[in-house]
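**Q** Encoded as structure tokens, here's the structure I'll be asking about.
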Amino acid sequence: MMRKQQTFSRGLSDKVRKSKAAPEIQRNPFEVKINRKKFDVLGRKSKHDVGLPGVSRSRAIQKRKETLLKEFRAKDKNNTFIDRRFGEYDQKITPEEKILQRFTLERQRTQDRKDMYNLNEEEELTHYGQSLAEMEKMTDVIDSDSDSEEKGLLSAELTATHFGGGGGLLRKKSAGDEDEEHKPKSRQELIEELIIKSKQEKRERQTQKEEAQELTEKLDQEWKSIQNLLAHLDEYDMTVRELGFEMKAQPSEKLKSAEELAREEKRRLQTLEANRLKRMMGDADAEEEQVCAEGPPAVIEEQKKAAQEAAKAELPYTFTAPESYSDLKALLQDHGSEQQRLILDRTLKCHHPSLAAGNKAKLQYARVYVFCSQICGLCQMFPEAACKAVQTLLSDSGHSMEETLEVKGRAPMPDLDMLVLLKITALLFPSSDFRHPVTTPAFLYISQALTRCVVLSLEDVCKGLILCCLALEFVSLSRRFFPELLNFLLGLLHLTVSDKRNMGYTVVSPFRWQGKSCDLLVLKDTNVSHSWNRKPISLHTAHRIPAQSPVERDHYRLSLIDSCLDLVKRCTSLYKDLPSFAHIFQPIRTLLLQHLPVEGSPAPIQDLHREILDAIPEQPSQHAPLVFKKKKPIPLKLFTPKIVQILDYGKKRGNTKEEKERERLQHKYKREFKGALREIRKDTRFLAREKLSDVMSRDAERKRKVKELYGSLATQEGEWKALKRKNRK
């Protein structure tokens with residue numbers, strides 16, 4: 001098989017080279033493929049440096065059309081085609097005589113088919129077996145079943161003939177004789193022509209009526225045959241009628257705001273609690289008293305006692321907001337998990353922040369540290385479950401951040417729930433480990449948030465400072481360098497600079513050099529520094545800053561600047577032992593020394609500013625570049641080479657003759673097998689293309705025929721409408 005292929009390819013290449021198109025193919029760089037070698041071997045001659053894949057491919061396709069395609073067309077076909085044309089298998093007749101005889105026979109068949117509809121004038125026309133010439137003249141009575149529009153046609157013409165002297169108006173011209181063109185017909189001839197025309201139209205109407213009657217009878221018979229099948233559709237008809245009488249959707253009420261919903265929910269809970277207290281006290285409603293008046297007194301007392309006991313056992317609907325851990329513990333103890341969930345839910349609804357001014361402080365008073373002792377005990381009891389729960393929350397939040405970045409190009413700062421989760425993670429799990437299943441994902445999440453979450457408002461600045469505090473907690477024991485932390489602090493300090501020209505430092509993502517949100521921490525009024533008092537930033541400001549006056553917002557900006565400088569000071573004390581300490585903090589020193597105005601700032605901020613500058617040296621120390629040690633390299637150990645015979649296909653083979661022969665045959669078998677698979681795949685692709693081409697051609701032919709049929713139907717409909725309009729006239 002391989003020899004045949006090689007012979008075929010060699011003959012084909014020789015044929016291509018000898019053909020007229022060979023120079024053009026060789027000059028075209030797109031038709032020539034150069035087989036590059038990895039390396040040259042001395043004494044080895046290369047036979048296939050250059051190939052012509054386009055010619056080879058076209059030749060292969062042509063060969064498949066001549067062999068494989070013919071076999072595919074003849075597949076599953078046992079009959080043979082017999083050419084029944086005149087003289088096809090007669091060798092004595094010349095091709096010209098065959099063509100002449102076939103043409104003569106074809107003309108005879110078409111002529112016979114045309115004569116079938118030719119009415120000769122010499123033939124006698126009959127109607128229902130009676131000759132039209134022998135029928136009595138003017139004795140026919142107009143059928144009462146005829147159309148009302150066509151009844152007056154003959155009478156009008158007869159009237160014009162009899163009374164209007166219609167010899168000139170109804171004159172018929174002869175197409176063949178010019179002498180008779182101006183000769184008028186007699187009155188008797190005109191009347192006979194009108195009678196013949198009237199009878200012909202009457203026959204046509206009768207034929208149409210009979211055809212319509214036959215179609216009606218056929219339709220009645222077919223209807224009777226399928227009438228039994230329609231008896232099973234009663235259930236379907238009932239369902240359709242029910243859907244028809246079904247009530248339509250009513251318009252929904254106006255959407256209510258969160259405050260309105262919270263107010264209605266609190267009012268509902270208060271009403272339920274009042275009813276429960278009434279039942280506990282034995283006070284019945286008017287309807288219940290009316291029902292009780294009809295019963296005996298003993299039964300009434302038993303019902304009242306039962307109602308009181310049920311009301312006492314029922315869970316209250318309103319609760320007081322807990323102000324400490326002991327209050328929360330007293331509120332939740334002696335209750336199941338479902339009841340505890342209801343208690344917390346009803347407490348939140350009764351003290352919603354939108355209902356009263358002090359509700360927000362009540363709900364935010366409980367700190368995270370209060371719950372950590374109990375949560376730590378649960379984590380020690382169930383470490384795997386706690387680890388899996390925190391990992392799931394971190395993974396979900398990280399994926400949502402990535403999806404937001406892909407869709408919008410930027411992501412918001414984490415919400416308060418994620419900040420609390422990160423705080424709990426730092427308290428429950430060890431943060432000094434080099435790699436931990438919980439703290440390492442949390443560490444990466446903080447790094448991602450500080451790098452990719454944008455800062456667009458003061459709330460975002462507060463959230464970023466909280467993340468920086470958490471990052472310091474994560475690295476406080478291990479003293480691991482956190483570049484994202486220092487980059488974020490530098491960006492926050494950049495927000496305090498009003499004149500952003502001639503900077504000696506670089507600001508990177510998520511901050512920008514200039515823009516809409518690059519002046520968030522710039523004070524609107526520099527005189528507010530005298531009335532500012534240092535106070536810690538609470539978590540509720542990270543969620544939403546309440547409406548404040550310009551002076552209060554400047555006070556809040558000063559608090560954020562104070563917290564940022566305090567974090568920078570803590571970072572200087574944390575990383576002061578690093579060899580590159582001065583290089584790392586040099587941009588922050590440049591910003592604080594040249595661009596951050598602290599002359600009119602409060603005293604605490606000035607103290608922090610001075611302490612940070614004192615901690616960072618003015619000039620970074622010079623380090624000697626890294627060089628190799630000046631010593632002679634140790635030479636590699638040399639071994640005596642082992643000579644192993646390698647065959648021409650480049651792999652080590654066995655030592656014995658039998659093993660070499662077996663491996664040679666295996667190699668040849670694999671090569672032949674791969675070649676056969678490759679040819680089979682090419683044959684399959686070729687047949688698939690041919691099948692697709694056949695399907696597309698059949699579809700095109702079908703569409704063409706359908707289009708012709710539609711055109712024919714449209715033509716017939718147009719002719720029918722034209723005839724109908726003519727008859728109406």
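**Q** When residues of the stretch 223-234 are filtered for being loosely packed, with under 10 Cβ neighbours inside 10 Å, modelled with pLDDT of 70 or more and not hydroxyl-bearing (Ser, Thr, Tyr), how many remain?
**A** In the first step, residues of the stretch 223-234 are kept if they are loosely packed, with under 10 Cβ neighbours inside 10 Å; the result is 224-229, 231-232, 234.
Narrowing the set further to residues that are modelled with pLDDT of 70 or more leaves 224-226.
Subsequent filtering for residues that are not hydroxyl-bearing (Ser, Thr, Tyr) retains 224, 226.
Total meeting the criteria: 2.
**Q** Another one. Please go through the stretch 50-85 and pick out each residue that is outside any helix (DSSP H, G or I), surrounded by fewer than 10 Cβ atoms within 10 Å (Cβ to Cβ) and not basic (Lys, Arg). Give the steps one after another, and end with the answer.
**A** First pass over the stretch 50-85, keeping only residues outside any helix (DSSP H, G or I): 50-52, 67, 74-85.
With the extra rule that they be surrounded by fewer than 10 Cβ atoms within 10 Å (Cβ to Cβ), the set shrinks to 74-84.
Passing the criteria: Ala74, Asp76, Asn78, Asn79, Thr80, Phe81, Ile82, Asp83.
**Q** Can you confirm whether Arg57 is farther than 20 Å from Phe686 by Cα, without any contact (Cβ under 8 Å) to a residue 24 or more places away in the chain and basic (Lys, Arg)?
**A** Answer is no for this residue.
**Q** Here's another thing I want to ask about it. Go through (1) assigned to a helix (DSSP H, G or I); (2) within 41 Å of the chain's Cα centre (by Cα) one by one and return the number of the condition Val508 breaks.
**A** (1)
**Q** Among what's in the stretch 485-537 and is surrounded by fewer than 14 Cβ atoms within 10 Å (Cβ to Cβ) and among the small types (Gly, Ala, Ser), pick the residue that is farthest from Leu405 (Cα to Cα).
**A** Ser531
**Q** Can we say Lys660 is closer than 30 Å to Lys38 by Cβ, surrounded by fewer than 10 Cβ atoms within 10 Å (Cβ to Cβ), modelled with pLDDT under 95 and not hydroxyl-bearing (Ser, Thr, Tyr)? Before the answer, list the steps.
**A** Working: closer than 30 Å to Lys38 by Cβ: yes; surrounded by fewer than 10 Cβ atoms within 10 Å (Cβ to Cβ): no; modelled with pLDDT under 95: yes; not hydroxyl-bearing (Ser, Thr, Tyr): yes.
Answer is no for this residue.
**Q** Give the stretch 406-430 a look and list any residue that's under 17 Å from Lys388 (Cα atoms) and touching a Ser or Thr at 6+ places or on another chain (Cβ under 7 Å), or say none.
**A** Within the stretch 406-430, Met418, Thr425, Phe429, Pro430 qualify.
**Q** Quick one: in the stretch 438-464, which of the residues that are touching a Phe, Trp or Tyr at 6+ places or on another chain (Cβ under 9 Å), of a type in the set (A, V, I, L, M) and part of a helix (DSSP H, G or I) is surrounded by the fewest Cβ atoms within 10 Å (Cβ to Cβ)?
**A** Here the answer is Leu458.
**Q** Scan the stretch 270-297 and report the pairs whose first residue is part of a helix (DSSP H, G or I) and whose second residue is β-branched (Val, Ile, Thr) and modelled with pLDDT of 65 or more, with Cβ atoms within less than 7 Å and a gap of 6+ or a chain change.
**A** Gln270/Thr318; Glu273/Thr318; Cys292/Ile300
**Q** Say whether the condition of being at pLDDT below 70 and not hydrophobic (A, V, I, L, M, F, W, C) is met by at least one residue in the stretch 259-273. Outline the logic, then answer.
**A** The first filter runs over the stretch 259-273 and keeps only residues at pLDDT below 70, leaving none.
Checked the stretch 259-273: no residue is at pLDDT below 70 and not hydrophobic (A, V, I, L, M, F, W, C).
**Q** So which residues in the stretch 351-404 are at pLDDT below 60 and either assigned to a loop (DSSP other than H, G, I, E, B) or loosely packed, with under 12 Cβ neighbours inside 10 Å (or both), if there are any at all? So that I can check it myself, show each step before the final result.
**A** Step one: of the stretch 351-404, the residues at pLDDT below 60 are 363-371, 374.
Within the stretch 351-404, Tyr365, Ala366, Arg367, Tyr369, Gln374 qualify.
**Q** Give me the residue from the stretch 552-586 that is of a type outside the set (A, V, I, L, M, F, W, C) and not in a helix (DSSP H, G or I) and, out of that set, surrounded by the fewest Cβ atoms within 10 Å (Cβ to Cβ). Spell out the reasoning first.
**A** The initial filter retains those residues of the stretch 552-586 that are of a type outside the set (A, V, I, L, M, F, W, C), namely 552-557, 559, 562-563, 566, 569-570, 572-573, 575-577, 579-580, 583, 586.
Filter again for not in a helix (DSSP H, G or I), leaving 575-577, 579-580.
Numbers: Tyr575: 19, Lys576: 12, Asp577: 8, Pro579: 10, Ser580: 13.
Checking each candidate, the answer is Asp577.
**Q** Please give the number of the condition Leu470 fails out of (1) part of a loop (DSSP other than H, G, I, E, B); (2) among the hydrophobic types (A, V, I, L, M, F, W, C); (3) surrounded by 16 or more Cβ atoms within 10 Å (Cβ to Cβ).
**A** Failing condition for Leu470: (1).
The values are calculated or read from the model by the stated rules, or taken from the named source; none is laboratory data. No experiment lies behind these values; they were computed from the predicted model shown. Cβ atoms come from the backbone with ideal geometry, glycine included; neighbour counts cover every protein chain shown.
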